[in-house]
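The values are calculated or read from the model by the stated rules, or taken from the named source; none is laboratory data. Please read all numbers here as calculations on a predicted model, not as lab measurements. Please note: Cβ atoms are built from the backbone with ideal geometry, for glycine as well, and neighbour counts cover all protein chains shown.
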Amino acid sequence: MGSPNTDNESKKKESTEEASIDALKHLLFQPESDRLAMLENRLDDPMTRANEISRSLPEAVSLSVMEGDRLTRVIQPVIDDSLKESVRKNPKALADAIFPALGPGIRKAITATIMGMIQSLNQVLNHSFSIQGIKWRLEALRTGRQFAEVVMLNTLVYQVEQIFLVHGDTGIVLEHVVAEGAMIQDPDLVSGMLTAIQDFVRDSFSTDGESESDGDLDTLRIGSNRSVWVEKGEHAFLAAVIRGNPPMELRTFYREIIEDLHLKAGSALAAFDGNTQPFALFRETLNSGLRFKEREDSQQISPVVWLIVALMVAAAVALPAYWGYRVNQASQEWKGRLEKIRDQKGVLVVSVERDDGVYRLNGLKDPLVEDPLTVLASENRSDIRARWQPFYSLDPAFVFQRAQTLLNPPPGVTLSLDRNTLIAKGKADQAWIDTFDIRATAIPGIDAANGDTLVNTDRIALSTAVNTLTALKIYFENNSTELIPGQTQKLSRLIETIRDVNRLMVILNLSVQITIVGHTDSSGTEKYNMKLSRERAETIYAFVKSRSMSYGFINTLGVGTQVRLKEETREEDRQFNRAVSFRANVLSANQGTPLNRRALQDPHPKPDGS
């Protein structure tokens, strides 16, 4: 083992070596680390990247335009979609933006067109009724030209018919514009001929000591009335075909055009590779050079022109008057249509507004009126928009129709309306009568309901059932509680009648008390006959009970011979008294014990048996 001092010295030495290595790393790699950190910050920081792009973006766009139409093709769909979306969301904003320029532009175009037409017409008319005009007509007949063309040739000072922009080194036509009505030759053929003539003149007539531009051709005469002016630049030249005698100021204007072109597209001209698309930007500039001038004519304006002007002024006065008449007529027509809508029953027009040629109606409409605009079936309704809120009209026709619909009277009932009272006549069951009593006065426009003359068919049915029951007799064997043969059908009728009575008393809220009364003939003792008559009544009650007809409103009574069904004058009469009869008393709902309707129902009816 080493001493402690040796270990400490070793550790100090290692620490010194590590510090030296770290210092060396810092010297070797720190600059690169700082540069990488800076680059990483430029890539990660959006604001730094945006600032760098903003400084180079204009130059990049300019170079892209000069090199071709790729940028246009890329940006155009985005601009188109943005414009469409803007128009879709708020078309008024675009209309407001272009309105200040649109109105003056339209007025200027119309004014220029009318003045040009008047000037051209005036020129032709002036020369038509003059000695000079007659000469020009003869010239037109002789040469086969149109009279207007002859007039123009004799009155024109100068006109620039065509302008060529030609690349100087290749002779390729970069752009070509033509005046309206001028005769056109093949631009490439003309360019080739001009380039060849330029080379010929330069080679034939240039001398030593002259610069190359001193031998260039700047004017070429064609016939007696045409010339070609050439303005040459460093990489391209401009050639203008001119008829007549142009002023020298025009040459200065063309020189400014060729200089401006080299200033804006000099690099593109120097690196020209045969693609002429970038130079289409200068078409508008070249079009500005298609100028013309006519001789001023001091002759007075022709009377025919004054007549035409007078007619135009008269039209300008008559058109507003006619327009006012049409507007007034349309207003009267609309008032008539509106009156038709307002005159309808169940319709109330609250307000009328007009917006962009469309009439907007707001009002109230009874639900029984389908569409108030159908009254205009034979007229145009495309300019009307209606918004209706529901309401109940108190017109008697609508009140009665609403009562018919809501109450839906049965075939045997007729309804009538007397002022605000609804009257019902005829035959109806208790359910409809209850509905009439409850719902009639709830209908808007009906204050009272009168159904006093209604015949209750359920009451008639109850009365019929009660009469059927009281007329029914069931006969027994002598001195027995056994039925004689042939009573099965009567028992079935008994069960059916009791069920009808039960159903109708519940519907009518009445109480019916049925008593099964037992009888005997006069043979036997009175005590025995009373007992036998009770047993006969209880036998029938037991039969009713066996058919689930054990109702609280049925009881039994034995009367023996005290109540005879028939006087016994002979033996056959005794059989009529060996029977059971039925009694039924109809009570109102407030008489006796109140009815328990649920207890009166028959939940498990059984079929009738013999």
> If you scan the range 483-499, which residues turn out to be touching a residue at least 24 places away in the same chain (Cβ under 8 Å), closer than 16 Å to Ile516 by Cα and of a type outside the set (A, V, I, L, M, F, W, C)?
Replying inline: Ser492, Arg493, Glu496, Thr497, Arg499
> If Glu482 satisfies every condition in (1) at pLDDT 90 or above; (2) under 28 Å from Lys345 (Cα atoms) but one, which is the exception?
Replying inline: (2)
> List the pairs whose first member sits in the range 323-343 and is of a type in the set (D, E, K, R), whose second member is assigned to a helix (DSSP H, G or I), and whose Cβ atoms are under 8 Å apart, counting only residues at least 6 apart or on separate chains?
Replying inline: Arg337/Leu376; Lys340/Val375; Lys340/Leu376
>> Could you list, ordered by first residue, the pairs with Cβ atoms under 8 Å in which the first is in the range 547-568 and over 18 Å from Arg534 (Cβ atoms) and the second is in a loop (DSSP other than H, G, I, E, B) and modelled with pLDDT of 85 or more, at least 6 apart or interchain?
In response: Glu568/Asp521; Glu568/Ser522
>> All but one of (1) exposed (fewer than 15 other Cβ atoms within 10 Å of the Cβ); (2) hydroxyl-bearing (Ser, Thr, Tyr); (3) within 22 Å of Leu422 (Cβ to Cβ) hold for Thr374; state the number of the condition that does not hold.
In response: (3)
> Any idea which residue in the range 297-341 is modelled with the lowest pLDDT, counting only those that are of a type outside the set (A, V, I, L, M) and within 30 Å of the chain's Cα centre (by Cα)?
Replying inline: Trp334
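Quick check on Asp214: is it touching a Ser or Thr at 6+ places or on another chain (Cβ under 9 Å) and either over 30 Å from Phe292 (Cα atoms) or at pLDDT below 70 (or both)?
Here the answer is yes, as Asp214 does meet what is asked.
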>> Please go through the range 525-564 and give me each residue that is crowded, with 17+ Cβ neighbours inside 10 Å and on the phi > 0 side of the Ramachandran plot, ordered by number.
In response: Gly560
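I'm trying to understand the selection: among the residues of the range 342-395, which are outside any strand (DSSP E or B) and under 22 Å from Val327 (Cα atoms)?
Listed by number, the residues that qualify are Asp356, Gly357, Leu376, Ser378, Glu379, Asn380, Arg381, Ser382, Asp383.
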>> I'd like to know if the range 541-564 contains one or more residues that are in contact with a strand residue (DSSP E or B) (Cβ under 7 Å, 6 or more places away or on another chain), modelled with pLDDT of 95 or more and in the same structural domain as Tyr475 (by TED's automatic domain parsing).
In response: no
>> For the range 463-482, give me each residue that is of a type in the set (Asp, Glu) and either touching a helix residue (DSSP H, G or I) at 6+ places or on another chain (Cβ under 8 Å) or free of Cβ contacts under 8 Å to residues at least 12 places away in the same chain (or both).
In response: Glu482
> With respect to Ser511, is the statement that it is surrounded by 17 or more Cβ atoms within 10 Å (Cβ to Cβ) and more than 17 Å from Glu477 (Cβ to Cβ) true?
Replying inline: yes
>> Looking at Val160 and the list (1) buried (at least 20 other Cβ atoms within 10 Å of the Cβ); (2) at pLDDT 75 or above; (3) in contact with a Ser or Thr (Cβ under 9 Å, 6 or more places away or on another chain); (4) closer than 21 Å to Asn225 by Cβ, which single condition is not satisfied?
In response: (3)
> Which ones in the range 434-469 are buried (at least 17 other Cβ atoms within 10 Å of the Cβ), touching a Ser or Thr at 6+ places or on another chain (Cβ under 9 Å) and more than 29 Å from Asp500 (Cβ to Cβ)?
Replying inline: Gly445, Ile446, Ala449
>> Which numbered condition in (1) at pLDDT below 90; (2) under 22 Å from Thr497 (Cα atoms); (3) outside any strand (DSSP E or B); (4) in the same structural domain as Leu510 (by TED's automatic domain parsing) is the only one that Val586 fails?
In response: (3)
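How many residues are part of a helix (DSSP H, G or I) and surrounded by 14 or more Cβ atoms within 10 Å (Cβ to Cβ) if we restrict to the range 240-258?
Adding up the residues that qualify gives 7.
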>> Show the residue pairs meeting these rules: Cβ distance below 6 Å; 6+ apart or different chains; first residue within the range 362-391 and under 23 Å from Pro444 (Cα atoms); second residue part of a loop (DSSP other than H, G, I, E, B).
In response: Leu364/Phe391; Asp366/Gly346; Asp366/Ser393; Val369/Gly346; Pro372/Gln344; Pro390/Pro367
